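The structure under discussion appears below in the form of structure tokens.
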Amino acid sequence: MSTTAREELLWRFARTGDPEIDARQDRILEVLLSANPRMKQRLVDEGRHEGRLEGRLDEARAVLRRVLAHRQLALTPEDAARIEACADLATLERWLEQALTASSASQALR
């Protein structure tokens, strides 16, 4: 598909805020997915994977906050926002390791 055709499709299917048009677009998408079960399954699988990853991220954030609290390392509002915004599991795991010996929450989140 050419870049121009792709851009036009994306433009035409952008959410409009008009309930009637949005409902029509949803119906078109439902028909297209019904016609292509492999793509539908791929999207379902991707959603499951993202859901599992988000669950692991939530759990890692919670454990990090518990360790910091248990060690009585107070979070600044900025530190708390960094933890909440972090979407990288490796970074959260690194921060958790650092939180075990850090002398401050800011030091743990380096």
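Yes or no, residue by residue, for (1) within 25 Å of the chain's Cα centre (by Cα); (2) closer than 30 Å to Leu100 by Cβ:
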site	(1), (2)
Arg24	no, no
Met39	yes, no
Asp45	yes, no
Asp58	yes, yes
Leu73	no, yes
Glu78	yes, yes
Cys86	yes, yes
Worksheet item: So how many residues does region 68-104 have that are closer than 20 Å to Glu50 by Cβ, free of Cβ contacts under 8 Å to residues at least 24 places away in the same chain and hydrophobic (A, V, I, L, M, F, W, C)?
Response: 2
Practice prompt. Of all residues in region 85-110, count the ones that are surrounded by fewer than 18 Cβ atoms within 10 Å (Cβ to Cβ), in a loop (DSSP other than H, G, I, E, B) and of a type in the set (A, V, I, L, M).
Written response: 2
Worksheet, complete the sentence: Of (1) more than 11 Å from Leu109 (Cα to Cα); (2) in contact with a helix residue (DSSP H, G or I) (Cβ under 8 Å, 6 or more places away or on another chain); (3) assigned to a helix (DSSP H, G or I), Ala62 fails just (2)
Worksheet entry | Residues being surrounded by 10 or more Cβ atoms within 10 Å (Cβ to Cβ), within 30 Å of Asp88 (Cα to Cα) and at pLDDT 85 or above - total across region 1-57 | 6
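The values are calculated or read from the model by the stated rules, or taken from the named source; none is laboratory data. Note that this is a predicted model, so its numbers are computed, not measured. Because the Cβ atoms are built from the backbone with ideal geometry, glycine has one as well, and the counts that use them run over all protein chains shown.
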